[in-house]
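Some notes on the structure that comes next.
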Amino acid sequence: MRIGTVTEIKPLERRVGLTPALVATLTAHGHEVFVQAGAGAGVDLSDADYAAAGAKIVPDAGAVFDAAELIVKVKEPQAAEIARLKAHHTLFTYLHLAPDPKQTHGLMASGATCIAYETIYDARGGLPLLTPMSQVAGRMAAQVGAAHLLAPAGGRGLLMGGVPGVAPAKVIVLGGGVSGFNAAEIAVGMRADVTIMDISPARLAQLDAHFEGRARTVLSSRGALLELLPSADLVIGCVLITGASAPKLIRREDLKLMKTGSVLVDVSIDQGGCFETSHPTTHAEPTYVVDGVVHYCVANMPGAAPLTSTYALVASTTPYVLALADKGMEAAFAEDPGFAAGLNVAGGRIVHPAVAASQNLPPAAA
């Protein structure tokens, strides 16, 4: 198979879809790999590194799309990339289509087959290609939240962990999944006063056992959240419904309950955000203020740690890329129903039920 990767063009995105190690594995399996010149520069991988692994270095993204059948990326395709997609292409990347009808319709119009990392599940029901980036984003969320509580960043002027005689920040984590757990781990490690909210009593029991009293757990409900918001300094939103838009847990009117200079970090922003006042921001301009509350809503948070993120992601995508290349999509999907759940768009139609429902469209048969 002919496989390619390109330089990511989303603003300040430095990750790359293939590493030289994966290129070497693919070429050893008899596949051709095409890498855009400079694609790995953001993670200190040179064209020479890729060439030594067996890749063919091509001058621009157009040359990759012209040469390759399978395009492996990191972030959702931008408009210029969608314009290059053809019916014979298979695109394998994060898509996050639920809140993005423009991208969805562009991919449908291209005729390409589009497989999303974030809707693939494993034998345990986990999300193996979302997990590594959820770990990064969750850990980052506590760090950026702490940074934005400081006065120069527009926050209350509060130190996350406090000092002897002065209380630490009160942190609410909405969602106890992978990103929420990791956010809580770092916040607890920073000596914050942490409360985790989730709708699953079983998950709360697991979290309670893990944290051994270092974090409180609360069964999530609107009433419980409204009781906690007035005392919160930092709220980290880590809500996920696979493939679907995130529910809006904090409404615009709820902001009046919060302290001036408190901070909202919306890890769910790739799926539309879990705060009504959220809209995507960038690493260049990560925050804005609504009703005195600082909002951090960067849509590619792990892109700020591209070295960590690239290697964590590629370690997880490797078996799936190999399955597509060695077996072809139909055989790979037939062997692994969880992999088949990654198919979002095919033949000009949405085939993932949650994505279709989020845009009020009927799902087509895969």
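We did not get these values from a lab; they are worked out from the coordinates using the rules stated. Just so you know, these numbers come straight off a predicted model, no measurement behind them. In this analysis, Cβ positions are derived from the backbone assuming ideal geometry, glycine residues included, and neighbour counts consider all displayed protein chains.
Tabulated data
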| item | result |
| --- | --- |
| Angle between the chain longest axis and helix 178-189 axis [Cα atoms, degrees, rounded to 10] | 50 |
| Segment R216-R251, length gained on full extension (0.36 nm per residue, minus Cα span) | 10.3 nm |
| Estimated [θ] at 222 nm from DSSP helical runs (n ≥ 4, -39500 (n - 2.57)) normalised by residues in the chain, nearest 500 | -9500 deg cm²/dmol |
| Entry for Rg and Dmax of the Cα atoms in Å (calculated from the structure that is shown) out of [x] 21.1, 65; [y] 25.0, 78; [z] 25.3, 105 | [x] |
| Nearest-0.05 FRET efficiency for V289 and A224, computed from C-beta distance (R0 22 Å) | 0.25 |
| D49 versus A209: modelled label distance in nm, points set 7 Å from Cα along the beta carbon direction | 4.1 |
| Length added when fully stretched, V166-K86, from 0.36 nm per residue minus Cα-Cα | 22.8 nm |
| Ordering of 342-352, 202-212, 56-66 by packing [mean C-beta count within 10 Å, highest first] | 342-352, 56-66, 202-212 |
| Added length on full extension, which subtracts the Cα-Cα distance from 0.36 nm per residue, R2 to K102 | 33.2 nm |
| In nm, spacing of pseudo-spin labels at D60 and A364 (7 Å Cα→C-beta vector) | 3.1 |
| 24 Å Cα-Cα threshold exceeded, pairs from K10/K86; K75/K170; K170/K248 | K75/K170 |
| Overall form of segment 131-304 per C-alpha gyration tensor (a/c, 1.5; a/b vs b/c) | rounded |
| Cα-based helix-to-principal-axis angle, 131-148 vs the chain, degrees rounded to 10 | 40 |
